[in-house]
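To keep things clear, I will list the structure first and then write my remarks on it.
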Amino acid sequence: RCTEGVWMSLIITKEYIYVALDFEGLKSLERTPQEDMFLTLFNTVISNLILFKNQFTMNRDISTMFQKFQDGAKLFESDPKLFQAILCIIIKDVPQADNFGIMREFQSKFDQLVSEEGGDNFITRMYSGGLDIIPWPVFGDIKWFKKLSMIKKTLDRQETKYENARTFLQNTKVIMAKLKICDWGSLDDNLIKIRVATLKRLFPITVHYGIEQKDPIIEHLVNHDSEEPIDDPIVNLCDILDNCEKQAELLPDTGIQLYDEHESFEQLSEVLRCYFEDVVQPRRESSDDNEWFSNFDRFFKHIIGRRTSRVQNWYMQNTAKYPQDNSDVINGKYELEQEISKLSLLWTLCGLTCHQCGLKCVKNRDHHENHDCLTDHKCYFPCHFNEVHNDDLIPQCSHKAGHEGKHACDKTNHLCGEPCNLIDKRNCQKVCSKEIGHDDDEHLCQSTIHYCGKNCSLSTTTLKGDYHCPNKCIKPYEEEHDSHNCENEICPIQCPIPNCKERCQSNNHFHAYSGSQVNHFCGDEHQCREFCEEDGICQVVLEPKKQEETYKGLLKKTTIIFTKYIQLSKRLKCNKKIPPNEFNHTGKHTHGENSFHFCDASCQFCEYYCTLPYGHVQIHDTRHGNMTQTEFTITGESNEFEYAGHKLRVGDQGVFVLCNLHCKDLGRHRHIDYCQNAENCKLGNQGQDIQHINEKVHPNPDKPKDFISHKLFWERTGFKDPYSVQEQEEFTKCDHECSDEMHQKSQGPSAPPPTRSFCELQLFHAPLSPSSNPPNDYGYISLDGHHFDCENPSTREAAFHIIFILDRSGSMSLNDKKPVPNFPIYNDLIKNHNNRIGAVYQAVYQFMDARINSAKANQSGSATRDSISLILFDNEVIVPFEYRDLTDPKDLLNSMLQHQARGGTNYDLAIQKAGFLITSHFDPTKVNIIIFLSDGLCGVPLSQLHTICKQNKTRGSPLYLYAVLFSSDSRSHSLEEMAKIAQSYHPQNSSSGALRCQFTCTVNEITLVNHFTGIAESLRNHKPALLKKNPY
């Protein structure tokens, strides 16, 4: 059995890991052309060396094989990093004598393809490593094994494509995902987006904990390319603190929790606060709280600075190989800075005086509660009056921590101890510190200053709202003052730049009052967050709307599951920095200096954007997606049809069809578009790539439509034709096919697929004369003027017994329809039959003449073996002639002209008479055909029709019935039913497209003539076309 899909093997050596991928061959019966193309692309993008085995003895169709490669050449952008492979085409089992000839044959095909496709050829675009054609010896020959060694040396000479297994795995996944969603953009762009998105997802844990994963196991910060860990250097505390006497190593950064939105700063900082007091100095033992606080603050700053440095280094290393001006890299860096900024702001200490003692507040600077040193507020130093206590254990001070003056216990009365007269003032130590029994009546504590205590005067309006300083005035209460100053000396107002949480850089607490227009800039530069103002589209984002979308057709049982791809245009943020102390940078907003901006034109059918730069002068180009802006249409009698195995009808949406594969699936084809110049079409001046459609075509039947060529279809879009030069050349050819059944059906289970035969002329060509010799005297010309390079099917067809059954009831005498002028026999007809019946006689004559001309043109005697009978019916039947040879149509016309229109309508008698004629003149070598025409209504001759159909089927020669309604009405239940009954006696799928029971309506004399002469014309399948939803 052949390989299915792709199989992987690993060969591990000391130097490398070799990955061998065994791919399913092209043109697998189980794969669609699109899947074939995707396998080829995947192989090309991921590999260093591709060995493509070709079974030379079985497959000489080199052009078809190359086309499989060419199909994917225009999809992915031609990226030298992407397409590095060497393509080795191995022709299997080649004898030594045939080597040169085979290589020459392949080389000539390559040269031809390069010449046709130009720079878009698949070799130049997809195989920068080069191309080798290698005739491979037959198995058993010693050269067979030498060739293997040669291939190994070719592989070893190439540079390693992947740095490590992680990179290989990531690229493989990305490429498979891109193929899945038909994303043909740059692989580098995808890798950058994925890398930055991965890092951004890790930002919270890396910033908060200094690791990449916490549970279930810890994963450290690493370089994702080399897998090397990010350095976490050992630091000695003496290197970062003043007057530190202990030689101790600082805790490593990895794993320290520095942020948790569900915990307060006091809870979060407790571990590090206790560590500092245990290792450096307990706060209660410090005689200078300012010095202790300074070291403690420096300790925190180092912890945060170290984390910041490691995380920034981690981000830098993991984006170093990408362009640093890439918008994703810049935006990722900005988001990291925002995350770090939250950390820095959180760990900035308050440093103002505790509301319960004299120590400094160690809460976060932006706290809203009372200032708190987070101690028990007690002074732990021993009592200063030790001589009083003799040799007893000296008790500790009873004052609040951080108090001014001497330490005094409350075990013995060392001082006055009466309440201070200023006990209601801030900074009061509450009890008098004078000697016991002092002479004056003024009791004062040890505080040198008793604060005013009123609210700080700083109150202002900023760009971010009103600000009122929450602190209290520390000026002496006894000093007269109009402005109340708090302990905080710096400006506490936030920077006015949006998203910046830093404080004003001024050291003046009342900086807000220094002028009429004060901007409280923090002094740092800021990342601009406005959108890019450049013309064009900054970024085109491709994404599947869903993994699978379901389309419900207009027919109840039609359900189509597909992947829908949509493109979104995206404006990127400006990547410029706003200079310090400025609101804006100079110049316009842009996401990068000289950055690429896409053209803003989009395909009118799939809405994919042009991939060329904005302002380009060449034709638009894109990779195309789902044809979301189209709906199906079709010409012909039926509004229902089959497309890609699905039952659809006119008006169904083309959303499941890919724009760049639709034409390939159709083969030779014509498109349908709304007529853009109806006047030119009326005059016949529409041009060589247009053919006006005279019938009304749904949807919007009142809007005239044209057939247009593939070339004009894409010219009207304004976009480059996405198909290869070979395909474009094929699409310029006429889409009429030879009607011979041998081209439509396989000749047996073991026989090769049928080879379809198309007209050799250009699409919309002028018809050739059927009586002339075919071009180059090869093939044949069909009755409708198409040239086929195959055997004329009429040389093998049986002769016919053709029975015309014509309605000659009274309504056929109406002259609303008459013989067509400028046709042969016109003058003979208008003498007595310038009415409906005359138009019918003209059509019958044209049919007979066409059969004779066909035989002459094809040098066949079969037409002369045709026999023809005529039945005229009203409320009775007559037979002007029966079973006459088709040699002199003028003589038969004269017999018809003897009869006028008259009477009523009786289908029963007419069909019964036809059965009698078939039985009377039955010839097993001739096919019996009834052409039944009427302009009126009558009941279905069920009994009579079933009888003659059964008789003919029993004889092994099923009857063919053409039912023609000659009326402005489009439906006739009785005639339609008659055609269905006759067809039901034929085996399913046995009739070719040119000969089968059918009903048709001809609304005027011209279409009647065309229909009768068209019975022997070539076959042109009415293929569905996709029409844009909005006509104009």
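Quick note: the coordinates plus some simple rules give every number you see, no bench work behind them. All figures in this text were calculated on a predicted structure; none of them were measured in a lab. For neighbour counting, all protein chains shown are included, and Cβ atoms are generated from backbone atoms with ideal geometry for every residue, glycine included.
Taking every DSSP helix (H) stretch of at least 4 residues in the chain, weighting each as -39,500 (n - 2.57) and dividing the sum by the residue count yields a mean residue ellipticity at 222 nm of -8500 deg cm²/dmol. Label-to-label distance for W7 and F922 is 6.1 nm, based on points extended 7 Å past Cα in the beta-carbon direction. Considering only alpha-carbon pairs that sit under 8 angstrom and 6 or more positions apart, the relative contact order computed for the stretch 83-197 is 31 percent. Once both labels are positioned 7 Å from their Cα atoms along Cα-to-Cβ, the gap between Y380 and F531 label points is 6.0 nm.
Arranged from fewest to most other beta-carbon atoms within 10 Å of their beta carbon, S974, S920 become S920, S974.
Against the chain, whose longest principal axis is taken from its Cα atoms, helix 327-346 shows a tilt of about 30°.
How big is D for the stretch 189-346, in µm² s⁻¹ as a whole number, if Stokes-Einstein is applied with the Kirkwood radius of its Cα pairs at 25 °C and 0.890 mPa s? Rounded, D is 144 µm²/s. Rounded to two decimals, what is Rg over Rh for the chain when you use alpha-carbon atoms and the Kirkwood radius? We get a ratio of 1.22 for the chain.
Note on D141 and V235: the extension gain reaches 26.9 nm, defined as 0.36 nm multiplied by sequence separation minus the Cα-Cα distance. By the count of neighbouring beta-carbon atoms within 10 Å, fewest first, V45, V518 end up ordered V518, V45.
Between S287 and E369, the C-beta separation translates, for a Förster distance of 30 Å, into a calculated FRET efficiency of about 0.60. Summary of packing: across the peptides 207-216, 556-565, 571-580, the per-residue average of other C-beta atoms within 10 Å ranks them, highest first, as 571-580, 207-216, 556-565.
Kindly provide the GluC sites (Glu not before Pro) of the stretch 443-497 that DSSP labels as loop, not H, G, I, E or B, and whose Cβ sees at most 12 other Cβ atoms within 10 Å.
Of the GluC sites (Glu not before Pro), the ones in loops of the stretch 443-497 whose Cβ has at most 12 other Cβ atoms within 10 Å are E478, E479, E480, E489.
The amide H of I805, built 1.01 Å from its N in the peptide plane, has I871, I931, F932, L933 as neighbours under 5 Å, considering only residues 5 or more places off or on other chains.
Computed from Cα positions, the angle between helix 33-46 and the longest principal axis of the chain comes to roughly 40 degrees. Distance between the 7 Å Cα→Cβ label points at S514 and D98: 9.2 nm.
Given the pairs K53/K178; K173/K214; K400/K430; K454/K475; K173/K333; K301/K342, which are separated by over 18 angstrom at their Cα positions? Numbers along the way, then the final one.
Values: K53/K178 27 Å; K173/K214 26 Å; K400/K430 10 Å; K454/K475 9 Å; K173/K333 25 Å; K301/K342 14 Å.
Correct reply: K53/K178; K173/K214; K173/K333.
Considering only N427, S186, I566, the residue lying farthest towards the positive end of the dipole of the chain is I566, judged by Cα position with unit charges set on Cβ. If one takes the longest principal axis of the Cα atoms in the chain, at what angle in degrees, from 0 to 90 and to the nearest 10, does the Cα axis of helix 942-954 lie? Long axis of 942-954 versus the principal axis of the chain: about 80 degrees.
Cross-linked pairs K711/K1029; K696/K745; K664/K720; K664/K733; K411/K434: Cα-Cα separations exceed 23 Å for K696/K745. Under 19 Å of direct C-alpha separation, and excluding same-chain neighbours fewer than eight residues apart, K953 reaches these lysines: K913, K926, K980.
Counting only aspartates and glutamates at least 8 places from K564 when in the same chain, those with an alpha carbon closer than 14 Å to its own are D183, E543, E548, E549, E607.
Kindly put W7, W314 in sequence by how many other C-beta atoms sit within 10 Å of each C-beta, fewest to most. Walk me through the intermediate numbers first.
On the way: W7 11, W314 24.
Taking fewest neighbouring Cβ atoms as first place, the list is W7, W314.
Taking the charge dipole of the chain about its Cα centre, with +1 at Lys and Arg Cβ atoms and -1 at Asp and Glu Cβ atoms, the residue from N773, T630, L359 reaching farthest to the positive side is N773.
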